[in-house]
Amino acid sequence: MTQEREPRRRFLQQVLAIVPASTLAAGAAVSQTGCTNQPAQTGTAADAHPPKPYSPTYFTDAEWKFVTAAVDHLIPADQYGAGAIQAGVPEFIDRQMETPWGHGQLWYMQGPFHPDVVPELGYQINQTPRDVYRHGIAACDAWCKQQHGKVFGDLDKPQQEQILKDLDAGKIAFDNVPSRTFFNFLLSNTKEGYFADPIYGGNKQMAGWKMVGFPGARADFADWTDQPNVKYPYGPVSISGEKG
């Protein structure tokens, strides 16, 4: 994945290009994952008093180690912008575990479940997203320990990268959770955490928005509607009023 950084950055920019500005600023990246009741610290108060290191509320220490190692590969820091770690993506994912989405309350979960049917028929796994993470991380660490003698977070980066590629390709099978479902949640939540408004815990200092030139939740753009091909000169603004 480290060899694909520039194409991946281009893909992230394309993601923002097709999302209406008004919806993303309002948190479209998490519209399907639910909201948290604990807003992230932003604005001048955060600048005057740097926030303490985040302590996960759902993930265990071992799970947190996996999440931070994995997202660092999915969106690494490079010359184009901050990576997932700097943007606070692990915090975003942990906080999503305590939302209605994390508890599987946004769709029908009574069964029967048929995992092999087409995606158009809806979610077909008898596990909530937070359970998929819990079982998926445990299964992946167990697989890594069996194959390489170490859990995922302790492997070297080339090994970690290859394992993530194999999960994405469905080449690694777990007994108690579909490995591709687990990886798809991880990848989707990583992208959401990178681009959602900072109020949800990720996109620290609007790093994702700065990277793609997204202006955020500014009140209006009337002065710029009649200036085609002129670069917008101002940085992004978050829902809480924080300026990037």
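Just so it is clear, none of the values below were taken in a lab; they were calculated from the coordinates. Just so it is clear, the model here is predicted, and its values are computed rather than measured. When we count neighbours, we look across all protein chains shown, and the Cβ atoms used for this are built from the backbone with ideal geometry, even at glycine.
Give, in whole angstrom and from largest to smallest, the semi-axes √(5λ) of the equivalent ellipsoid of segment 157-242, with λ running over the eigenvalues of the Cα gyration tensor. Working shown, then result.
Details: eigenvalues 285, 40, 25 Å².
Its equivalent ellipsoid spans semi-axes of 38, 14, 11 Å.
What chymotrypsin sites (Phe, Trp or Tyr not before Pro) in segment 172-244 are in a loop by DSSP, with at most 13 other Cβ atoms within 10 Å of the Cβ? Don't skip to the answer; put the middle values down first.
Numbers: sites: Phe174, Phe182, Phe183, Phe185, Tyr194, Phe195, Tyr200, Trp209, Phe221, Trp224, Tyr234; in loops: Phe174, Phe221, Tyr234.
Filter output for segment 172-244: Phe221, Tyr234.
Using the beta-carbon distance between Asp154 and Glu120 and R0 = 45 Å, what value does 1/(1 + (r/R0)^6) give for FRET efficiency, to the nearest 0.05?
Details: r = 40 Å, r/R0 = 0.88.
Efficiency for this residue pair is about 0.70.
Can you tell me the equivalent ellipsoid semi-axes for segment 86-160? Use √(5λ) from the Cα gyration tensor, largest first, whole Å. Provide the component values of the computation, followed by the final result.
Values: eigenvalues 155, 66, 22 Å².
They are 28, 18, 10 Å, listed from largest to smallest.
Would you mind checking segment 187-203 for residues with the amide N under 17 Å from a putative spin-label position 7 Å along Cα→C-beta of Ile239?
Backbone N within reach: 192-203.
With a cut-off of 11 Å, note down the residues of segment 173-206 whose backbone N falls inside the zone around a label point 7 Å from the Cα of Gln147 toward its beta carbon.
173-174
Take the Cβ-Cβ distance between Arg218 and Gln79 as r, set R0 to 25 Å, and report the resulting FRET efficiency rounded to the nearest 0.05. It would help to have the intermediate numbers written out before the result.
Working: r = 27 Å, r/R0 = 1.08.
Computed FRET efficiency for Arg218 and Gln79: 0.40.
Taking 0.36 nm per residue of sequence separation and subtracting the Cα-Cα distance, how much length would be gained by fully extending the chain between Leu106 and Thr225, in nm to one decimal?
On the way: separation 119, 0.36 × 119 = 42.84 nm, distance 3.77 nm.
Extending this stretch completely gives an extra 39.1 nm.
Quote the convex hull volume per residue of segment 98-244, based on C-alpha atoms, as a whole number of Å³. Can you show the working numbers first?
Details: hull volume 26.6 nm³, N = 147.
Once divided by residue count, the hull of segment 98-244 is 181 Å³.
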